[in-house]
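Below: the structure, in structure tokens.
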Amino acid sequence: MDRRATPAPNNSLPLVKRRQATGIWKDYQLYLLLILPIAYFILFKYVPMYGAAIAFQDYSIFKGVTGSEWIGFENFKELFRMSQFYEVVRNTLMLNFLDLAFSFPAPIILALLLNELSVVWFKKSAQTLLYLPHFISWIIIGGLVYQMFSNQGGLVNNVVNALGFDSIPFLTEKNHWLLVYLGTGIWHSAGWGTIIYLAALTGISRDLYEAADVDGAGRLKKMWHITLPGIRPTIVVMLIMQLGHIMTIGFERPFVMGNALVMDYAEVISTFVYKAGLQSAQFSLATAMGLFQALVGLVFVVIANSIAKRFGEQGIW
Amino acid sequence: MQVKLKKWSATWIAVMLLATLLSACSGSNGNNNATDSASPESTSGASKEKVTLKVEVFDRGNAPAGAGPVTDNFWTKWIQENFGDPNNIKLEFVPVPRNQEVDKLNVLMATGDAPDLVFTYDMNTIYNYVKDDGLTDLTSHIENAPNLKQFLGDDVLNYGVFNGKQYTIPAKRPLQFTQSTYIRKDWLDKLGLPVPTTTEQFYETLKAFKEKDPGQTGGKVIPYDFSAINGTSITTPFVLVNSFVKKMTDEQFYTLTTSSHIPEITKPGYKEGVLYLNKLNQEGLINPDFALDKDGKQFESDIANGIVGSFTALAAHQNLMSPGKVFDTLKQNVPGAEYIAIDPFTDEEGKTPKSIYDPIGMHIMIPKTSKHAAEAIKYLDWMAQEDVLFTLQNGMEGEHYTLENEFPKAIATDEAKKTFYNNNDIALIANGKDFGSTDKNIEAAAYAFPGYEEVAQQSIRNALKDGYTMPRFDRPIEAEIKYGNTLKEKAYETIVKSVLAKPDQFDKIFDGGVAEYMKLGGQAIQDERLAAYREMEK
């Protein structure tokens with residue numbers, strides 16, 4: 001790597017010439033290597049963005065982007081007039097903030113616990129088992145949840161009934177449903193989320209722990225004063241990225257787990273876009289919603305990043 | 001050094017993560033491009049070359065083991081041999097999941113890669129396509145299809161005329177029935193109860209099922225079952241609810257009716273119907289988890305397991321009565337179990353009204369992007385020939401059916417099932433078989449269900465009794481196109497919540513739901529419908 005960055009002939013060049021060879025030409029091989037990824041981003045990330053133009057059009061699928069009529073901000077006005085709009089934004093924010101509060105710390109705690117294990121085979125197999133839920137599709141999880149938590153014949157409620165209590169409406173009452181929704185999220189993602197923290201943990205110098213041992217620090221003290229500060233940059237980066245997604249919500253989880261009884265909470269931006277865009281063919285309205293969502297997401301990232309920097313972390317740019 | 005390393009690793013992780021996220025997103029883009037670029041290659045070419053005709057086909061996810069997928073099976077091969085090869089056409093079937101047909105169709109149309117023949121039952125979707133000028137005008141094409149024209153007749157074809165042009169080809173529906181109610185005959189016999197003929201008697205029967213548990217289900221009995229009422233499964237409680245609707249003037253009827261299966265929660269009396277379901281729920285007579293059964297599969301398995309006393313579902317339906325389906329499974333699980341068709345939901349006049357279909361099935365369309373309108377019409381015209389249609393609907397004599405009283409009777413062997421399923425979906429132009437008269441049609445329809453001829457016949461007769469069709473306007477209701485899906489969701493939500501509400505909350509929830517429904521566009525639809533009605537009456 002180093003050798004390529006500063007090619008050998010450079011050393012023999014006179015001072016004047018070396019100054020000319022600064023900038024792009026100096027490391028042109030590196031820039032050449034970058035061309036492919038940059039082309040990829042332009043082609044697949046920026047070019048398709050022209051489609052966002054339909055948010056400002058009275059879009060007809062048969063006339064296409066070029067043929068449809070431009071109507072300015074009409075779609076946004078209509079969107080902000082809809083009472084559902086505020087409901088789905090509220091639900092999205094609510095579900096995501098709750099997820100942040102409960103699902104975000106889960107992998108950190110789990111990683112700390114795993115880190116303390118010294119029996120290697122147990123640690124490895126525990127990790128593997130913890131990763132597994134991540135690979136199960138939400139459709140299947142939806143089925144599992146239904147089998148476990150339905151009022152009649154659900155596994156959990158069978159036990160509750162056997163103990164002589166009434167069924168708990170896990171899936172049909174919105175607050176109970178919220179618990180199930182959050183719990184399922186943790187179950188699904190906590191194990192997989194530990195990977196990044198475990199990787200960061202390996203970067204912490206052993207010397208620090210040895211020094212702490214000498215000073216007589218216990219396990220908890222070491223965790224608090226060495227391990228956690230050691231992975232703090234990673235935690236901050238992850239948090240910023242989560243905040244960037246605060247307006248974005250996966251489609252499958254709320255769609256699969258939701259039902260008509262809990263629509264007060266389960267109708268979120270992604271399901272709304274699906275219903276308005278794909279089912280009712282109001283593509284312009286759905287795109288306007290998507291664009292709005294992206295803008296708010298950007299604002300959140302910028303704010304989170306500047307806060308992180310103020311607290312002395314590096315942020316993500 | 002330590003700090004620098006930390007800095008590096010943090011940024012590196014961030015970059016890696018972003019990259020994986022981005023690549024995950026763009027993966028789907030790549031796929032679309034691939035299919036886009038593949039299509040023109042296969043469809044264009046000199047006229048002498050083989051033409052590829054793409055035809056939409058419903059995928060109900062019910063292919064028997066060993067039958068092959070809906071896109072490649074006994075029948076797609078038969079069509080290729082008998083229609084494709086002689087005409088130098090290669091047929092390609094494009095599968096669309098049955099309960100997502102509208103979404104998938106919209107996507108196909110938007111990409112400009114729609115099959116040459118598409119279809120839907122959803123009127124709003126059709127209005128949208130007509131409005132946006134996305135369909136091929138078939139007025140002149142249809143003149144080249146004498147068989148098709150003769151088979152459908154002007155009445156049926158008229159349903160496909162919009163703004164004076166033939167934009168769709170409606171399938172013919174000889175029998176307009178929708179739903180019937182079914183009840184366990186062996187349970188009635190066991191308890192010595194009569195077949196219920198009024199709502200009151202029906203209620204008493206449900207109570208008896210619950211209290212005496214004639215099926216010895218250990219308390220699991222569901223006296224009256226239905227699944228989530230989201231318009232995609234075969235069962236709803238709407239016949240019961242609609243029987244509470246009061247007599248209306250013509251003006252009210254035209255104004256308060258909705259199209260595209262939006263529950264008509266604003267009709268007078270509808271609330272009482274929902275309240276009745278609420279009462280049934282309070283007394284444990286319906287399935288409290290119905291809203292969770294979004295695809296109706298739990299419903300079918302509950303029936304097959306013999307814990308359902310009665311239910312209302314599409315009459316003479318393949319999911320229930322076809323060989324190897326729900327009723328067959330029930331018989332295996334519970335020897336002696338038997339359902340009969342009943343018609344108990346009486347209105348204020350003692351009639352049993354229910355809404356029935358128009359005399360047409362789905363609308364078949366050719367997208368404007370299609371370059372093969374002529375071939376597509378040719379395909380439909382070929383299908384409209386009497387012997388072809390008969391074969392498509394009934395299979396091969398001796399292999400899939402035998403003639404009994406001149407009606408084809410299905411053969412129910414495993415071997416026959418493998419090469420004969422979902423043929424209703426392949427024979428696009430007909431929704432049911434036509435033998436010339438209602439009685440004959442009912443008899444013939446029932447022969448498709450060996451072992452269940454009687455219950456099939458009775459269910460169709462019940463479903464037709466006191467039936468009424470939806471009022472028709474001469475133009476689409478714009479507000480309904482715009483708000484239709486939103487309102488459908490709202491109406492379903494209102495009904496589900498009201499049914500499961502505590503009694504003292506019922507009024508608040510139902511009235512609140514209706515108020516919101518009106519605000520979300522219900523009012524706009526009613527205003528437009530009223531205006532259209534008055535215009536028509538002038």
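The values are calculated or read from the model by the stated rules, or taken from the named source; none is laboratory data. Please read these numbers as outputs of a predicted model, since none were measured by experiment. Neighbour counts are summed over all protein chains in view; Cβ atoms, including those assigned to glycine, are modelled from backbone coordinates with ideal geometry.
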Return yes when B:T369 is in a loop (DSSP other than H, G, I, E, B) and of a type in the set (V, I, T) and no when it is not. yes
Would you check if B:D116 is farther than 18 Å from A:L278 by Cβ, more than 14 Å from chain A (Cβ to nearest Cβ), acidic (D, E) and surrounded by 17 or more Cβ atoms within 10 Å (Cβ to Cβ)? yes
Of the residues that make up the range B:395-414, is at least one surrounded by 16 or more Cβ atoms within 10 Å (Cβ to Cβ), within 14 Å of chain A (Cβ to nearest Cβ) and of a type in the set (S, T, Y)? no
Which members of the range B:494-511 meet the condition of being crowded, with 22+ Cβ neighbours inside 10 Å and free of Cβ contacts under 8 Å to residues at least 40 places away in the same chain? B:K497
Can A:N157 be described as more than 24 Å from the chain's Cα centre (by Cα), part of a helix (DSSP H, G or I), polar (S, T, N, Q) and within 13 Å of chain B (Cβ to nearest Cβ)? yes
Only one of B:L428, B:L389 is in a loop (DSSP other than H, G, I, E, B), under 24 Å from the mean Cα position of the chain (by Cα) and under 21 Å from B:G84 (Cα atoms); which? B:L428
Quick one: which of A:F122, A:F165 is in the same structural domain as A:I195 (by TED's automatic domain parsing), out of contact with any strand residue (DSSP E or B) (no Cβ under 8 Å at 6 or more places or on another chain) and not in a loop (DSSP other than H, G, I, E, B)? A:F122
Checked against (1) surrounded by fewer than 20 Cβ atoms within 10 Å (Cβ to Cβ); (2) modelled with pLDDT of 95 or more, B:E478 satisfies every condition except (2)
Tell me whether the range B:81-104 contains one or more residues that are over 19 Å from the mean Cα position of the chain (by Cα), part of a loop (DSSP other than H, G, I, E, B) and within 14 Å of chain A (Cβ to nearest Cβ). no
Residue satisfying condition, being more than 22 Å from the chain's Cα centre (by Cα), surrounded by fewer than 20 Cβ atoms within 10 Å (Cβ to Cβ) and away from chain B (no Cβ under 13 Å), within set A:L93, A:L113: A:L113
Conditions (1) free of Cβ contacts under 8 Å to residues at least 24 places away in the same chain; (2) farther than 24 Å from B:P146 by Cα; (3) out of contact with any strand residue (DSSP E or B) (no Cβ under 9 Å at 6 or more places or on another chain): number failed by B:E397: (3)
Flag for A:G191 being in the same structural domain as A:G142 (by TED's automatic domain parsing) and either outside any helix (DSSP H, G or I) or free of Cβ contacts under 8 Å to residues at least 40 places away in the same chain (or both): no
Is one or more of the residues making up the range B:32-54 surrounded by fewer than 16 Cβ atoms within 10 Å (Cβ to Cβ), at pLDDT 85 or above, away from chain A (no Cβ under 14 Å) and assigned to a helix (DSSP H, G or I)? no
Quick one: which helices (runs of 4 or more DSSP H) lie wholly within the range A:14-113 and hold at least 1 residues that are aromatic (F, W, Y) and either in the same structural domain as A:D264 (by TED's automatic domain parsing) or within 30 Å of A:L182 (Cβ to Cβ) (or both)? A:74-81, A:83-103
Of the listed residues (A:F76, A:F41, A:F80), the one being free of Cβ contacts under 8 Å to residues at least 60 places away in the same chain and under 30 Å from B:K519 (Cα atoms) is A:F80
Looking only at the range B:423-449, count how many residues are in contact (Cβ under 8 Å) with a residue 60 or more places away in the chain and either of a type in the set (V, I, T) or surrounded by 20 or more Cβ atoms within 10 Å (Cβ to Cβ) (or both). 13
Top-ranked residue in the range B:119-128 [being within 12 Å of chain A (Cβ to nearest Cβ) and outside any loop (DSSP other than H, G, I, E, B); ranked as farthest from B:R173 (Cα to Cα)]: B:N128
Among B:T258, B:T266, the single one that is away from chain A (no Cβ under 13 Å), hydroxyl-bearing (S, T, Y) and crowded, with 22+ Cβ neighbours inside 10 Å is B:T258
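Per-residue answers, yes or no, for (1) away from chain A (no Cβ under 14 Å); (2) of a type in the set (D, E):
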position	(1), (2)
B:K246	yes, no
B:E251	yes, yes
B:I262	no, no
B:K271	yes, no
B:N278	no, no
B:E283	yes, yes
B:I286	no, no
B:K297	no, no
B:I303	yes, no
Restricting the range A:263-304 to residues that are buried (at least 19 other Cβ atoms within 10 Å of the Cβ), within 11 Å of another protein chain (Cβ to nearest Cβ) and not hydrophobic (A, V, I, L, M, F, W, C), the one nearest to the chain's Cα centre (by Cα) turns out to be A:T271
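Rundown of residues vs (1) within 14 Å of chain B (Cβ to nearest Cβ); (2) within 30 Å of B:Y127 (Cβ to Cβ); (3) at pLDDT 90 or above; (4) in contact with an Asp or Glu (Cβ under 9 Å, 6 or more places away or on another chain), yes/no style:
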position: A:T22; (1), (2), (3), (4): no, no, no, no
position: A:W25; (1), (2), (3), (4): no, no, no, no
position: A:Y28; (1), (2), (3), (4): no, no, no, no
position: A:Y31; (1), (2), (3), (4): no, no, no, no
position: A:I35; (1), (2), (3), (4): no, no, yes, no
position: A:I38; (1), (2), (3), (4): yes, no, yes, no
position: A:F44; (1), (2), (3), (4): yes, no, yes, no
position: A:K63; (1), (2), (3), (4): yes, yes, no, yes
Looking at the range B:485-514, which of its residues are part of a helix (DSSP H, G or I), more than 17 Å from B:K267 (Cβ to Cβ) and within 9 Å of chain A (Cβ to nearest Cβ)? B:N485, B:T486, B:E489, B:E493, B:V496, B:K497
How about the range B:138-240: which helices (runs of 4 or more DSSP H) wholly inside it have at least 1 residues that are of a type in the set (V, I, T) and surrounded by 15 or more Cβ atoms within 10 Å (Cβ to Cβ)? B:146-158, B:199-212
Can you confirm whether A:L132 is more than 25 Å from A:I168 (Cα to Cα) and either among the hydroxyl-bearing types (S, T, Y) or modelled with pLDDT of 90 or more (or both)? yes
Residues within the range B:252-278 that are free of Cβ contacts under 8 Å to residues at least 60 places away in the same chain and either among the basic types (K, R) or closer than 23 Å to A:M257 by Cβ (or both), tallied: 1
Condition broken by A:A200, with the remaining ones in (1) under 15 Å from A:A111 (Cα atoms); (2) within 8 Å of another protein chain (Cβ to nearest Cβ); (3) touching a Phe, Trp or Tyr at 6+ places or on another chain (Cβ under 6 Å) satisfied: (3)
